[in-house]
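**Student:** So that we are looking at the same thing, I have put the structure below in structure tokens.
The values are calculated or read from the model by the stated rules, or taken from the named source; none is laboratory data. What you see is a predicted model; the values in this text were computed from it and never measured. For neighbour counting, all protein chains shown are included, and Cβ atoms are generated from backbone atoms with ideal geometry for every residue, glycine included.
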């Protein structure tokens with residue numbers, strides 16, 4: 001959020017805003033904001049001058065695993081409009097895909113496999129060459145290496161999946 005910039009024309013107009021003096025319900029602005037945001041992101045106020053006019057900026061860190069809600073309502077900006085996130089399921093889906101904490105490398109590329117099928121689809125000799133190790137031939141040893149390095153993963157249904165990292169191999 002920026003104070004001191006005109007909304008429509010985006011011209012610097014200056015501001016007298018000072019978060020230290022603002023009270024909401026007899027509470028200072030920072031603890032009031034923190035009590036309304038869930039989960040509470042880190043946020044900071046910054047002050048500067050542009051063309052000799054004072055400008056204030058509230059910087060709120062990006063969401064990590066969940067959308068940040070204000071008074072238990074998550075919002076999304078669509079163009080210049082602020083909308084309730086739950087009213088826009090496509091945007092909500094896109095957001096949660098971005099917030100998924102699983103790195104791309106460890107997401108499943110191919111699921112529903114047996115351990116044997118997964119290993120047969122992967123380039124076992126190249127794995128050992130890249131690891132500067134001699135090629136192993138025992139199934140359980142190879143499986144253990146590939147599971148430990150998350151090239152394949154066990155899924156909740158008892159099957160096996162090749163991760164994107166394994167697919168890249």
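**Student:** Taking the stated definitions as given, is residue 92 in contact with a helix residue (DSSP H, G or I) (Cβ under 7 Å, 6 or more places away or on another chain), surrounded by 14 or more Cβ atoms within 10 Å (Cβ to Cβ) and within 30 Å of residue 61 (Cα to Cα)?
**Tutor:** Yes; evaluated as a whole, the condition is true for this residue.
**Student:** Can I ask one more? Name the residue, out of 144, 117, 140, that is more than 23 Å from the chain's Cα centre (by Cα), outside any loop (DSSP other than H, G, I, E, B) and touching a residue at least 24 places away in the same chain (Cβ under 8 Å).
**Tutor:** 117
**Student:** Kindly provide the set of residues from the range 97-121 that are in contact with a strand residue (DSSP E or B) (Cβ under 7 Å, 6 or more places away or on another chain) and farther than 30 Å from residue 67 by Cα, ordered by number.
**Tutor:** 113, 114, 115, 118, 121
**Student:** While we're looking at this one, here's another question. Can you name the residue in the range 147-169 that is in contact with a strand residue (DSSP E or B) (Cβ under 6 Å, 6 or more places away or on another chain) and part of a helix (DSSP H, G or I) and, of all such residues, is surrounded by the most Cβ atoms within 10 Å (Cβ to Cβ)?
**Tutor:** My answer is 166.
**Student:** List every residue pair whose Cβ atoms lie under 6 Å apart, where the two residues are 6 or more positions apart in sequence or sit on different chains, the first residue falls within the range 126-137 and is closer than 11 Å to residue 169 by Cβ and in the same structural domain as residue 151 (by TED's automatic domain parsing), and the second residue, located anywhere, is in a helix (DSSP H, G or I) and at pLDDT 95 or above.
**Tutor:** Filtered contacts from the range 126-137: no entries.
**Student:** While we're here: Which one is nearest to the chain's Cα centre (by Cα) among residues in the range 48-59 that are surrounded by 11 or more Cβ atoms within 10 Å (Cβ to Cβ) and in contact (Cβ under 8 Å) with a residue 24 or more places away in the chain?
**Tutor:** Across the range 48-59, the extreme among qualifying residues is 58.
**Student:** Say we look at the range 1-43 and pick out the residues that are part of a loop (DSSP other than H, G, I, E, B) and more than 21 Å from residue 54 (Cβ to Cβ); which of these is farthest from the chain's Cα centre (by Cα)?
**Tutor:** First pass over the range 1-43, keeping only residues part of a loop (DSSP other than H, G, I, E, B): 1, 4, 6-11, 13-22, 25-26, 39-42.
Pick out the ones that are also more than 21 Å from residue 54 (Cβ to Cβ) and you get 25-26, 39-42.
Details: 25: 33, 26: 34, 39: 13, 40: 15, 41: 13, 42: 15 Å.
Across the range 1-43, the extreme among qualifying residues is 26.
**Student:** Residue 110: crowded, with 16+ Cβ neighbours inside 10 Å, in a helix (DSSP H, G or I), modelled with pLDDT under 95 and within 29 Å of the chain's Cα centre (by Cα), yes or no?
**Tutor:** It is false that residue 110 is crowded, with 16+ Cβ neighbours inside 10 Å, in a helix (DSSP H, G or I), modelled with pLDDT under 95 and within 29 Å of the chain's Cα centre (by Cα).
**Student:** I want to confirm something. Restricting to the range 61-89 and keeping residues that are surrounded by 12 or more Cβ atoms within 10 Å (Cβ to Cβ) and under 14 Å from the mean Cα position of the chain (by Cα), which single residue is farthest from residue 29 (Cα to Cα)?
**Tutor:** The qualifying residue farthest from residue 29 (Cα to Cα) is 66.
**Student:** Here is a follow-up. When you check residue 101 against the structure, is it under 30 Å from residue 74 (Cβ atoms) and in contact (Cβ under 8 Å) with a residue 12 or more places away in the chain, yes or no?
**Tutor:** In short, yes.
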